[in-house]
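All remarks here apply to the structure that follows.
Each reported figure results from applying straightforward, stated rules to the coordinates on display, with no laboratory input. Source: prediction; values computed, not measured. All Cβ positions, even for glycine, are placed from backbone atoms using ideal geometry, and neighbour counts span all protein chains on display.
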Amino acid sequence: MIKLDHLTKYYGKNKGIEDLSLKVNEGDIFGFIGPNGAGKSTTIRLLMNFIFPTSGRIEVFGKDLLTSNSDIRKRIGYLPSEVYYYDTVTVKELLDYSGKLKKCHNPQYLKRLIEKFDLDTSRKFGQLSYGNKKKVGIVQAMMHQPDLLILDEPTNGLDPLVQKTLLELLKEENKKGTTVFFSSHTLSVVQKMCNRIGIIKDGQMINVETFDTFKEKRVKKILVESKHFPDELVKKSDISQLIQKDNQIEFYYSGSMNDLFGIISKMDIDDFQMNEPDLEEIFMHFYLGKEGSNES
């Protein structure tokens, strides 16, 4: 459904993304994750053809985005991270106008979306709260039941009940054949939704895989107590976020257990603990890496 091939975008001398390659398969619910400033929105704006790449190629539905943009957009529903429409126009007028542009929307499905999100369509857009503006954007993106939904931080600004409604609808549409691509820095949302994920760091992809594989990554949370920690241990390349305090160190480890135990067996150990990290800790291991290491 989506193929990004060595995609690079610079804003003058400032890097947006660099040499980013990514594939999203038909039927995926794909989570594009990373903290704010990692390059998620830049990638999505390139994917929507709102901005143009410095280099690289984008394909959607197997077609080149630059030469087939009009045909591609008809099959896409898009939600930006921040939703802006004309403040003086009512929600009904906005959705009616959007429906005329899309032509293929189902009025009954639109009615269902309005009811699901409890939208007051008589109100002017400028009178709405941030969360209600976001709901209008979601309805506008989904009303024509597109083949591909591209959503930039879709749950931001939504209360937990509305988030639940949105995630249920996305799963429902996915079962009908819609591919979903959404960015997020909220791992709990990704955990509930995605079958595949991509991690972006400083404008570059650092990992793309199935969510099950990501959860099963051989990352362990290790605690060791000893009177001495050899450099061979603390400087090991597959250790991240190492914290040392007095006679105790704690770190995340994704390397060979044989290698680790080979080092530890030579030490005078007072205590050793190995635990399964949670999802967020696994993410931080891959995102921060050595940058997260510190000693105190």
Under the rule of at least 5 residues apart or a separate chain, name every residue whose amide H is placed under 5 Å from the amide H of PHE30. VAL180, PHE181, PHE182
Let me check the size of region 220-292 from its C-alpha atoms; what are the radius of gyration and Dmax in Å? 11.6, 32
Let me check I've understood the local charge: for ILE58, count other residues with C-beta under 9 angstrom from its C-beta, Lys and Arg +1, Asp and Glu -1. What total comes out? -1
Quick one: putting +1 on the C-beta of Lys and Arg, -1 on the C-beta of Asp and Glu, what dipole do you get for region 2-215 around its Cα centre, in Debye to the nearest 20? 320 debye
Please work out how much length the chain gains when fully extended from ILE269 to ASN49, using 0.36 nm per residue of separation minus the C-alpha to C-alpha distance, in nm with one decimal. 73.4 nm
Taking the Cβ of each residue in MET274, MET205, MET142 as the centre, tally the other Cβ atoms inside 10 Å and list the residues starting with the fewest. MET274, MET205, MET142
Based on other C-beta atoms within 10 Å, arrange LYS23, LYS103 from fewest to most. LYS103, LYS23
Please state, as a whole number in µm²/s, the translational diffusion coefficient that the Stokes-Einstein equation yields for region 2-215 at 37 °C and 0.692 mPa s, with Rh defined as the Kirkwood radius across alpha carbon pairs. 186 µm²/s
Which residue, VAL234, GLN191, HIS285, has the largest displacement toward the positive end of the dipole of the chain when charges sit on each Cβ (Lys, Arg +1; Asp, Glu -1)? GLN191
Along the Cα→Cβ direction, 7 angstrom out, place labels at TYR11 and GLN127. What is the inter-label distance in nm? 3.5 nm
Calculated on alpha-carbon atoms, Rg and Dmax of region 4-69 in Å: 11.8, 37
Expressed in µm² per second, the diffusion coefficient of region 139-285 from the Stokes-Einstein equation, with Rh the Kirkwood radius over alpha carbon pairs, at 20 °C and 1.002 mPa s, is 118 µm²/s
Could the peptides 235-242, 107-114 be put in order, highest first, of the mean number of other beta-carbon atoms found within 10 Å of their residues? 235-242, 107-114
Along region 152-162, what does the Karplus equation 6.51 cos²θ - 1.76 cosθ + 1.60 (θ = phi - 60°) give for ³J(HN,Hα), rounded to whole Hz, x for Gly and Pro? 9, 6, x, 8, 4, x, 9, 6, x, 5, 5
Taking only Cα atoms of region 1-111, the Rg to Rh ratio with Kirkwood Rh works out at 1.01
Local electrostatic count at THR42 - Lys and Arg +1, Asp and Glu -1, tallied over other residues with Cβ under 11 Å: +2
Among LYS164, LYS227, LYS135, whose mean-square fluctuation peaks in a Gaussian network model of the chain (Cα, cutoff 10 Å)? LYS227
What are the lysines whose alpha-carbon lies under 20 Å from the alpha-carbon of LYS164, with same-chain residues fewer than 8 places away excluded? LYS111, LYS116, LYS133, LYS134, LYS135, LYS175, LYS176, LYS192
Once amide H atoms are placed 1.01 Å from N in the peptide plane, what residues at a sequence separation of 5 or more from ASN207, or on another chain, have their amide H within under 5 Å of its amide H? ILE199
The computed P(r) of region 37-90 puts the percent of Cα pairs beyond 15 Å at 55 percent
